[in-house]
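Contents: one structure, followed by commentary.
The values are calculated or read from the model by the stated rules, or taken from the named source; none is laboratory data. What you see is a predicted model; the values in this text were computed from it and never measured. Here the Cβ is made from the backbone with ideal geometry for all residues, glycine too, and neighbour counts use every protein chain on show. Just the protein is used for accessible areas: all its heavy atoms, side chains included, with ligands, DNA and RNA removed. Shrake-Rupley method; radii C 1.70, N 1.55, O 1.52, S 1.80 Å.
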Amino acid sequence: DFGRSSELAFVVEPSDDIAVQEQPLILYCQVEGIQPITITWRKNGAMIVDSENAFMLANGSLYVSRFQRLRGDGSSDEGEYDCMAQNHYGLVVSRKAKIQAATMSDFHIHPQNAVVEEGGVARFQCQIHGLPEPVILWHKNSMPVNTDNERYTLLPKGVLQITGLRAEDSGIFHCVATNIANVKFSREARLTVSGSRSSVYKDPMILVGPENLTLTVHQTAVLECIATGNPRPIVSWSRLDGRPIGVEGIQVLGTGNLMISDLTVQHSGIYVCAANKPGTRVRRTAQGSLVVQAPAEFVQHPQSISRPVGTTAIFTCVAQGEPPPQITWLRNGQILETSDHIKLKNNNSTLSIYGINQADEAIYQCLAENSAGSTQASARLTVLWADGLPSPPQGVRAETVSATTIQVSWEKPLQNTKEIIGYVLHIRKAADPVEMEYQEAVSKSTFQQLVTDLEPSTSYSFYIKAYTSRGASKASEVTVVSTLGEVPAMPSLFIKVINSTTVQATWEPSIKLGQHEGFKLYYRKVHLSQYTGPVLLASNITAYNITHLDASVVYEVKLLAYNQHGDGNSTVRFVSLRETVERTAVLNPPCDCMKDEQNNKTSTTGIIIGIHIGVTCIIFCILFLMFGYRGRLLMCKNVQEQLSTPQIPRSQRSATGLVLNGATRRDRDDRDLNGKQLDMNELERLFPASPSQEQQEKGITSAHSLSAPHDETQISTLPLDEFSIIEEQPDPLPKNPHGSSAAAPALDHGPANEG
């Protein structure tokens, strides 16, 4: 019962048909609903009047006694038929049934003679148009072709394929086309099979590839592909978009024809036939498109509804198909005209009726139609109206309070006011469609409402309804009023100091300030009462430089936007240029020429003195290094002499130090003595020493040896990688003959540190 109105609906609708010339035709139409019901028929939109040739049966069906494709007066029984049913609830119209005459044309493609070598492929084709589609059969030598032979393939479009030809396949072929309108025979064609099977290599070649097809769901598609070559090529199929072809309903006819049964919309696409040479990548391809159409069908039917007067009724009708169907709405069988209170949205899928009244009560139909077919569904709108409802509210007035506020007032209805439970104020912009309307509820004791949050300089319409528990009154008269204009908002002002006499004022772009004509800029010294300005600036200006300012005072800058309604609130900023002046003074101090000249002279003298001091330091450093190095070399000589002289191990401490410092490297030192030992004669030649000094040093060494025989401390300047310094705890010294302890001799840190 989907899509049916219980008061009036179709049980059976007329369907598309193909009629035979001079034969009777019946178009069925059956309706259910509340009697009395009147049924009428139309052809191409015009009423059909009962006549001897066409009249309506008692069950509502239309009977055509002798169908004529073309009558003597030029008329035809072909066309689009629909049936209409009406009762006191409304009128409905059936889907349109397309009636065509059965026909068959002459063959426009006949089979052609062919000479093919043995083992090859032969193909015959004949083509003819007709309604319904003719069935084509093939005859060989006036006898029907044996379809049980696997080498013979008959395709629905009038194609005969013979593969693996043999000598007995030679003969005369013709086709026979049959439908309810006629039977016709094509011309004959001779097939000659010549020679024996050739062993010469031939590249694969597609003789005939798939054609472009447009079919309807549930039909069968046959995509032809016949290929030749030596060796015999392998035929395969694929989709150009890469999607799998699938296996359900798929069948291969003959050696490579693709048949798809029970078509769906998902089968639409471009199909590619490929002929491959076995064992190689040599291939030839051909492609054809398949378009599968689907008649319109409903996904969501409109539902019958009941609504009180003054409310909104909404019908929804969603249909699908391929190509996508077009949706048309009817009201009692007539095309529905949209208006201020009747709107169609969402590609006509949604019908909205605002502020319904008794005149809107009717049966509404949704017709969905595409090139593959059409369908319809209906629903009834019942407008609830109760006796004793209030009359419309009276004296509706609207007064402008501000740029965003309007006050609406009214008086109670003249009749049936006892059951009123409240009022509803309907509001919308005068330029907006009805569906943009919104409502505000008001208590029954209130007769005015302040409507806020409106837009400035905008016209609004208002009307009132009184509500009871049984329904609403009719709408009051509509009143229209406009809000006041509004001054612009405060601009956002920023001040930037350019230099000691100039500042730059910038503000937000004009689009953020609402409706305005321009800006006014004022400025003054803070200790003065009078402003300089206004400086009038256009609405597209967002910056202005204020020049010739006094750097020693603070300035006040004021900016406001204005329009035809007046000046907006101003934004004030304070700015001081003193910091900029002070910062400039620090970065660029004033010039004292006499002082600078004296400073320059002092600086020159200081530079000369510094140079002399630097040169003197360099000379002293060189001398210090030279004499220090010479001293080191002499110390090395003394140490070498001491190392080469056998030592008397008087103290266990010195012996222990020798073992710790040199025992592990003794062998290596002996091996490297010649290589690492300095040529003392050469050093003395390069750095000659005074005899007195040398003798004095030797004397000092001897004196130490004689006067302090217990002191065996040696000073060494050998490289650090050969020796390491080990700190030892000294043994208690023996008392000297005079009764006092001998002090340990101090290490000469000068040469040792240098080493």
*Using the structure shown, decide if T178 is closer than 30 Å to I18 by Cα and without any contact (Cβ under 8 Å) to a residue 60 or more places away in the chain.*
yes
*asked:* I need every pair where a residue in segment 161-173 that is within 23 Å of E224 (Cβ to Cβ) and assigned by the TED database to the domain that holds R232 has its Cβ under 6 Å from the Cβ of a residue that is open to solvent by 50 Å² or more (accessible area, probe 1.4 Å) and assigned to a loop (DSSP other than H, G, I, E, B), sequence separation at least 6 or different chains.
replied: L165/E118; G171/N141
*Can you find even one residue in segment 253-269 that is touching a residue at least 60 places away in the same chain (Cβ under 8 Å) and of a type in the set (V, I, T)?*
yes
*Taking segment 81-101 only, how many residues are assigned to a loop (DSSP other than H, G, I, E, B) and either closer than 22 Å to A296 by Cα or modelled with pLDDT of 95 or more (or both)?*
3
*State the number of residues belonging to segment 69-85 that are of a type outside the set (A, V, I, L, M, F, W, C) and open to solvent by less than 20 Å² (accessible area, probe 1.4 Å).*
4
*Given R42, R71, which one is of a type in the set (K, R) and over 20 Å from G373 (Cβ atoms)?*
R71
_Test: residue in segment 295-303 that is among the aliphatic types (A, V, I, L, M), open to solvent by 30 Å² or more (accessible area, probe 1.4 Å) and touching a residue at least 24 places away in the same chain (Cβ under 8 Å)_ = no
*So which of G90, G164 is of a type outside the set (A, V, I, L, M), open to solvent by 20 Å² or more (accessible area, probe 1.4 Å) and on the phi > 0 side of the Ramachandran plot?*
G164
*Only one of I353, I327, I314, I363 that is in contact with a Gly (Cβ under 7 Å, 6 or more places away or on another chain), of a type in the set (A, V, I, L, M, F, W, C) and not assigned by the TED database to the domain that holds P14*: I363
*Answer yes or no as to whether M47 is outside the structural domain of K202 (by the TED database), surrounded by 14 or more Cβ atoms within 10 Å (Cβ to Cβ) and either out of contact with any helix residue (DSSP H, G or I) (no Cβ under 9 Å at 6 or more places or on another chain) or modelled with pLDDT of 90 or more (or both).*
no
*Got a number for residues in segment 315-365 being open to solvent by 40 Å² or more (accessible area, probe 1.4 Å) and either of a type outside the set (D, E) or not in a loop (DSSP other than H, G, I, E, B) (or both)?*
24
*Is there a residue being out of contact with any helix residue (DSSP H, G or I) (no Cβ under 8 Å at 6 or more places or on another chain), open to solvent by less than 60 Å² (accessible area, probe 1.4 Å), in the same structural domain as T400 (by the TED database) and within 14 Å of G355 (Cβ to Cβ) anywhere in segment 440-461?*
yes
*Quick one: in segment 20-35, of everything that is of a type outside the set (F, W, Y) and closer than 16 Å to D82 by Cα, which residue is most open to solvent (accessible area, probe 1.4 Å)?*
Q30
*Given the conditions (1) surrounded by 13 or more Cβ atoms within 10 Å (Cβ to Cβ); (2) more than 59 Å from the chain's Cα centre (by Cα), and given that G158 satisfies all but one, which numbered condition is not satisfied?*
(2)
*Going through segment 477-505 one residue at a time, which ones are open to solvent by 40 Å² or more (accessible area, probe 1.4 Å) and outside any loop (DSSP other than H, G, I, E, B)?*
V480, S482, F494, I495, K496, V497, I498, N499, Q504
*Which of the residues that make up segment 106-132 are surrounded by 15 or more Cβ atoms within 10 Å (Cβ to Cβ) and within 30 Å of S15 (Cβ to Cβ)?*
Q127, I128, G130, L131
_Only listed residue being in contact with a Leu (Cβ under 7 Å, 6 or more places away or on another chain), under 16 Å from V217 (Cβ atoms) and open to solvent by less than 50 Å² (accessible area, probe 1.4 Å), chosen from G288, G269_ = G269
*With (1) in contact with a strand residue (DSSP E or B) (Cβ under 6 Å, 6 or more places away or on another chain); (2) surrounded by fewer than 13 Cβ atoms within 10 Å (Cβ to Cβ); (3) of a type in the set (V, I, T) as the list, and V183 as the residue in question, which single condition is left unmet?*
(1)
*Kindly indicate which of L70, L8, L57 is among the aliphatic types (A, V, I, L, M), modelled with pLDDT under 95 and in contact with a Ser or Thr (Cβ under 6 Å, 6 or more places away or on another chain).*
L70
*Any chance segment 199-213 includes a residue that's surrounded by 20 or more Cβ atoms within 10 Å (Cβ to Cβ), at pLDDT below 95, under 23 Å from I250 (Cβ atoms) and of a type in the set (G, A, S)?*
no
_What's the total number of residues in segment 404-434 that are open to solvent by 60 Å² or more (accessible area, probe 1.4 Å) and touching a residue at least 60 places away in the same chain (Cβ under 8 Å)?_
0
*Would you check which residues across segment 523-557 are farther than 18 Å from T501 by Cβ and either exposed (fewer than 13 other Cβ atoms within 10 Å of the Cβ) or in contact (Cβ under 8 Å) with a residue 60 or more places away in the chain (or both) and list them?*
H527, S529, Q530, L536, A538, N540
